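One structure below.
The values are calculated or read from the model by the stated rules, or taken from the named source; none is laboratory data. This is a predicted model, so every value here is computed, not measured. Positions of Cβ are generated from backbone atoms using ideal geometry, with glycine treated the same way; all protein chains shown enter the neighbour counts. Quick note on the areas: whole protein, heavy atoms, side chains included, nothing else; ligands and nucleic acids left out. Shrake-Rupley method; radii C 1.70, N 1.55, O 1.52, S 1.80 Å.
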Amino acid sequence: MIKMFINNLEVQAEEGWTIRDACEFYGLEIPTLCYDPGLSNYGGCRLCLVEIGKSPDTKLVSSCTYPCEEGLNVHTDTKRVIKARKMMIELMLSVAPGSKVIQDLASKFGVTQMRFEVRNEECVMCGLCIRMCAEQMDAKAIGFQNRGYKRKISTPFDAKSKVCRECGGCMYVCPACQARCQGPNAEDPVCNACLQMDPTCVDVYGEATCWMYDAGRCGTCVRPPEAESEKQGSVKE
Amino acid sequence: MLHDQTEFEDIIQKHPQEKRSMIPILQDLQAKYNYLPPVALNMVSQALDVPLIDIISVASFYNAFSLEPKGEHQITVCIGTACHVRGAPLILEEFERKLDVEAGHTRNDGKYSLDSVACLGCCAIGPVVVVDGEYHAQTGIRDAGKITKMLEKKEKTND
Amino acid sequence: MTNTKLRSLDDLKQKIEQESSRKAEEKRSVLIVSAGTCGQARGSLKVIDSLEKEIQKRNLEDRIAVKITGCHGFCEAEPNIIIQPNNLFYQNVQPKDAEAIIEETILNGQVIDRLLYREPGTEETTLAGPDIGFYKKQMRIVLGDNEHIEPIKIDDYFAVGGYSAIAKVLQEMSPEEVIEEIKKSGLRGRGGAGFPTGNKWAFSRKAKGDKKYIICNADEGDPGAYMDRSLMEGNPHRVLEGMIIGAYAIGADEGYIYIRDEYPVALKHITTAIQNAEKLGLLGDDILGSGFNFKVHISRGAGAFVCGEETAMIESIEGGVGVPRQRPPFPSVKGLWKKPTNINNVETWGNVPIIINKGADWYAKIGTANSKGTKIFSLVGKINNTGLVEVPMGITLREVIYDVGGGIPENKAFKAVQTGGPSGGCLPAEKLDLPIDYASLIEAGSIMGSGGMIVMDENTCMVDVAKYFLNFLRDESCGKCMSCREGTQRLWEIVDKITTGKGKMADMQLLEELSIAVKDASMCGLGQTAANPVLSTLRYFKDEYITHIKDKKCPAGVCKELITYSVIDENCTGCLTCKKVCPSGAVSGELKEIHSIDREKCIKCGACLEACNFDAIKVE
């Protein structure tokens, strides 16, 4: 067993677990997009970021690929994490505003603006389709091609694949194909129809303190934050 | 474009038949044919026991490989930082106009390929343009015209 | 040159002595010609040819020798010749100068004034190489031997004491002692990150497993940097010797040199060097009878900047795409084919032999408290003395740019110096007195990087520079991380809008926010530093961004949509030159008439500006 700390709690993790596995075990919700329990871990969407290390030498890592280590110090919802996470969602929205999965993420995490030019490509390069095809269906019909901003997913030579089983697995796991968001109208690429409250405890405590995003539980969101002189809780960097 | 498949065999067989030979084999194919023939890639896939899609991933990832035939003449303009600061972008644009081909592409008649490269390590003599392997140092905008004329003359004498 | 295998340390020591004596006993005048890739592109081979022909014509082979070496570092002066035994330095030599050099200088002892180095500005001439402004403040402990070595001749390396560090190590030092010595020297990785080399070796040594690898990172992808190319071309055995010592210290028996596809001459020379070393028993089994085995393979890159990242390089050697891996596990623990692997940059390996030979204490005296030794920089861009400079850490940027580099051409104003390649930043004039070391560069918003040092003047647009690097990064990103792939693309889009006059003030805030997200959220060094060009130009050149956005003007005269070309009437002589070169027919005016440029037709290609001999074209 590996002893480590998540959000200041001492926890035990199994050998071979990733930070995400440990968080899931302890009931901490970490948003993911390119993660699927039936497929290998990829770590490309950068949504599952957590902050590790001891201040001031902390850094953000993808929890779905980072292995649990003895003595590791993890924080799942610091200001830095939340800022980065929101920007990732904003970037995803700019490419796939029609995806309900991504619009739901936007509402859940308080992303209310999308400041980039919409590209309507739908594909966010999460690679789930590729891994599904290779690992679950053993077909290996599609894959990543090119690199950088020219990256795409296709069959060899963009031609009809000889090994494709036409199983529909790729469409099944695709966050853009799964369900179309009913929300967005042409003027606004950010739907926010199911917008939840933005956790205000972040400004007070430096991180979100409600683990289940159960707004209202701790009361910070629904009552004004304490004045500086009255504050008793510790403010983390 | 038709190629002799036994030639492909020869090239592939020169290397250990393992995944680690992937890039060296593709480099040999690219050097010989100036691109990667699809039939050859299928053979590489079988020889190394690597799915074709993975071969394509590698072939499309690296700048050295092209899945489409290159032109008879290859003109590469260096756009490394030092060359950039010395005016390389304007030189590249002038070549586009003079050769009538977009950077990164081959002209429809297959005569010229115009590419840019991030740095050749010859920064002191920049801006650098490489024409069919020959390095031209300290080029200016007007050299695009001169080089094009030289290539066209070569073409005429070959016809 | 003999090909007898060296079977013991005594054999090696004898060989070194033999070759050193041969060199010391050279009675002839030697004409050393710099002929690396740049030298060749500027005509060195033709100069060598004409010198050899001239010597043959006069039957002077027993009095004069020509030596073909790699790069001497002073690229601006190439083709250059160093004439021994007096260190006489001739620059910009042409084939037609061969006769004069033999006749006047060698036979009659006369200096040819027009071939001497001239200090930019003062035009003062200097005779001896080491005295000239370009070389005086340098400390060429790594690159210095280039001028004594014909790269394909291993004997030349012995002649400068080459492979004596290996002799010392195998005779007197245990692997742990070697690691301690490297630690004590304070050597830090020269590839960019500056990780303490001794510590890295210690991790690799400690790692569990019998099979270990070392890798030489010769992927040198930073545009504008070519230090490693020069060392690999000019003194490949220096790198090999460093690797052999490293392999011994770490316990590796196999090594790879991952060399960039774009360096054909370096590839040729290192391949020859490996073959020669194998022939003499310096590589292979039971090296010099010590029981230590080590062999080196070459792995060629295929054109991908990201493969300079350690784990991406490993993926590439294994035959895949260059997508970096999650760390931990670190390569020292699980690297190439899951075995412990120690990766170091070419220049880092190049420093190892001299640290062993002269000692860690000697080495640690050079440099600053946290940055020991020297660093090779490629000083390029808007600079008079372009070339590769090797200077002690702690020297200031001002000294390098003005004393070594000879300042800015045409007396233009210095604007910025860019270090660290696409991972680095642009530093303005107020930072010129910054001492060059790892910590101060990071504090100023840049990084040491692999050594690219690009000087920019008043005609360089800093917003355009940011756009340039972003364009490079969005293409070179492996594409895995959303933050890097999409982030660099969006950053580029915003800066592109600014350079075409469509920027908004809010864009600067967005650039900063997105930059921080790209920095924080990306997995590898490429993504984590991708925002540095934007952040540093925003930090130091914010006004330039604002001018582009608010005034829709480009003060440096670069951003096409924001500039106009026009004729300066007072200077125009009506010579028709600009009209002839204009590709869009925008110039009007007859012979001896003042010309004018039609703004509607002008495509701002720059041809007229380049062609005009009377300074009659204005860009604003």
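Details
- Between chain C and chain B, the total buried accessible area stands at approximately 3800 Å², from heavy atoms with a 1.4 Å probe.
- Vicinal HN-Hα couplings computed from phi for the range C:319-336 (Karplus, 6.51 cos²θ - 1.76 cosθ + 1.60; Hz; Gly/Pro x): x, x, 6, x, 9, x, 9, 5, 10, x, x, 7, x, 4, 9, 9, x, 5
- Distance (nanometres) between label positions extended 7 Å along Cα→Cβ at C:D361 and C:Q94: 5.5
- Amide H to amide H distances under 5 Å link B:H105 with B:L114, where only residues 5 or more positions off or on other chains count and H is placed in the peptide plane.
- All C-alpha to C-alpha distances of the range B:66-121, sorted into 10 Å bins beginning at zero, yield P(r) values of 26, 51, 22, 2 percent in whole numbers.
- Projected onto planes of every orientation and averaged, the convex hull of the alpha-carbon atoms in the range C:230-320 covers 6.0 nm².
- Where a label projected 7 Å from the Cα of C:E318 along Cα→Cβ would reach, residues of the range B:15-48 with amide N under 11 Å: B:20
- Taken one residue at a time, the phi angles of the range B:94-105 give Karplus couplings (6.51, -1.76, 1.60, θ = phi - 60°) of 5, 4, 4, 5, 5, 8, 6, 8, 7, 4, x, 10 Hz. Gly and Pro are set to x.
- Extension gain, A:K3 to A:S40, is 10.9 nm, computed as 0.36 nm per intervening residue step minus the present C-alpha separation.
- Only helices enter the 222 nm calculation for the protein assembly as shown: every DSSP H run of n ≥ 4 contributes -39,500 (n - 2.57), and dividing by all residues gives -10000 deg cm²/dmol, rounded to 500.
- Percent of beta bridges antiparallel (DSSP, the protein assembly as shown, rounded to nearest 5): 65
- Ellipsoid semi-axes for chain C, based on the Cα gyration tensor and the rule √(5λ), read 43, 35, 20 Å when sorted largest first.
- Cα centroid separation, the range C:448-479 to the range C:255-317 (Å): 30
- Taking Cα centre as origin and charging only the Cβ of basic (Lys, Arg, +1) and acidic (Asp, Glu, -1) residues, the dipole magnitude of the protein assembly as shown rounds to 560 debye.
- Rough spin-label spacing in nm, given labels placed 7 Å along Cα→Cβ, for A:K108 and A:C167: 2.6
- Around the amide H of C:G367, modelled in the peptide plane, lie the amide H atoms of C:G373, C:M393, all under 5 Å away and 5 or more residues distant in sequence or on another chain.
- Simple Cβ-charge dipole of the range B:1-155, Lys/Arg +1 and Asp/Glu -1, about Cα centre, in debye nearest 20: 560
- The range A:127-174 - percent relative contact order, Cα under 8 Å, separation 6 or more: 43
- Put simply, the C-alpha atoms of the range C:148-364 give a gyration tensor, and the ellipsoid matching it has half-axes of 23, 21, 16 Å, longest first.
- Taking amide hydrogens as placed 1.01 Å from N in the peptide plane, the amide H of C:T564 sits under 5 Å from those of C:E620, each at least 5 positions away in sequence or on another chain.
- Kirkwood hydrodynamic radius (C-alpha pairs) into Stokes-Einstein, the protein assembly as shown, 25 °C and 0.890 mPa s, D in µm²/s: 80
- Per the Debye calculation on the range A:62-165 with a single equal scatterer at every Cα and no solvent contribution, log₁₀ I(q)/I(0) for q = 0.21, 0.24 Å⁻¹ amounts to -1.14, -1.23.
- Ligands, DNA and RNA left out, the accessible area of the protein assembly as shown computed with a 1.4 Å probe is 49% carbon and sulfur.
- Calculated FRET value between B:E7 and A:D138, using beta carbons and R₀ = 25 Å, to 0.05: 0.15
- Farthest positive-ward along the protein assembly as shown dipole, Cα basis, beta-carbon charges - from A:G53, C:Q91, A:M4: A:M4
- Residue-normalised convex hull volume from the C-alpha trace of the range C:374-457: 72 Å³ per residue.
- Length gained on full extension, C:K57 to C:K542, computed as 0.36 nm times the residue gap minus the Cα-Cα distance: 168.2 nm.
- Computed FRET value (nearest 0.05) for C:K338 with C:I516, which takes r as the C-beta separation and R₀ as 45 Å: 0.80
- Of the residues C:A517, C:N217, C:P422, the one whose Cα sits farthest toward the positive end of the charge dipole of chain C, with +1 on the Cβ of Lys and Arg and -1 on the Cβ of Asp and Glu, is C:A517.
- Nearest-ten-degree value, helix B:52-61 long axis tilted from longest Cα axis of chain B: 20
- With 5 Å bins from 0: P(r) over the range C:23-132, alpha-carbon pairs, percent: 2, 13, 24, 26, 21, 11, 3, 1, 0
- In nm, spacing of pseudo-spin labels at C:N370 and C:T271 (7 Å Cα→C-beta vector): 4.3
- Going from the isolated chain to the complete set of protein chains, the range C:601-620 loses at least 50 Å² of heavy-atom accessible area (1.4 Å probe) at C:C605, C:E610.
- List of the range A:112-140 residues, accessible area with partners at least 20 Å² below that of the chain alone (1.4 Å probe): A:R115, A:F116, A:E117, A:R119, A:V124, A:M125, A:K140
- Dividing the convex hull volume of the alpha-carbon atoms in the range C:462-551 by its residue count gives 71 Å³ per residue.
- Of C:G129, C:S477, C:G191, farthest towards positive along the dipole that unit charges on Lys, Arg, Asp, Glu beta carbons give chain C: C:S477
- Threshold 50 Å² - residues in the range C:307-321 whose accessible area is reduced by that much or more when the chain is no longer isolated, probe 1.4 Å: C:G319, C:V321
- Taking a sphere under 12 Å around the Cβ of C:K137 and counting the other residues whose Cβ falls inside, with K and R at +1 and D and E at -1, yields a net charge of -1.
- Accessible area of C:D361 in the full protein assembly, 1.4 Å probe (Å², nearest 10): 100
- Cβ-Cβ distance of B:D109 and B:K146, R₀ of 35 Å, FRET efficiency by 1/(1 + (r/R0)^6): the value works out to about 0.95.
- Of all stretches in chain B that contain no GluC sites (Glu not before Pro) in a DSSP loop with at most 15 other Cβ atoms within 10 Å, the longest one is B:19-101.
- Averaged per residue, the protein assembly as shown has 41 square angstrom of accessible surface, using a 1.4 angstrom probe with ligands and nucleic acids left out.
- Chains C and A together bury roughly 2800 Å² of accessible area, counting both sides, with a 1.4 Å probe on protein heavy atoms only.
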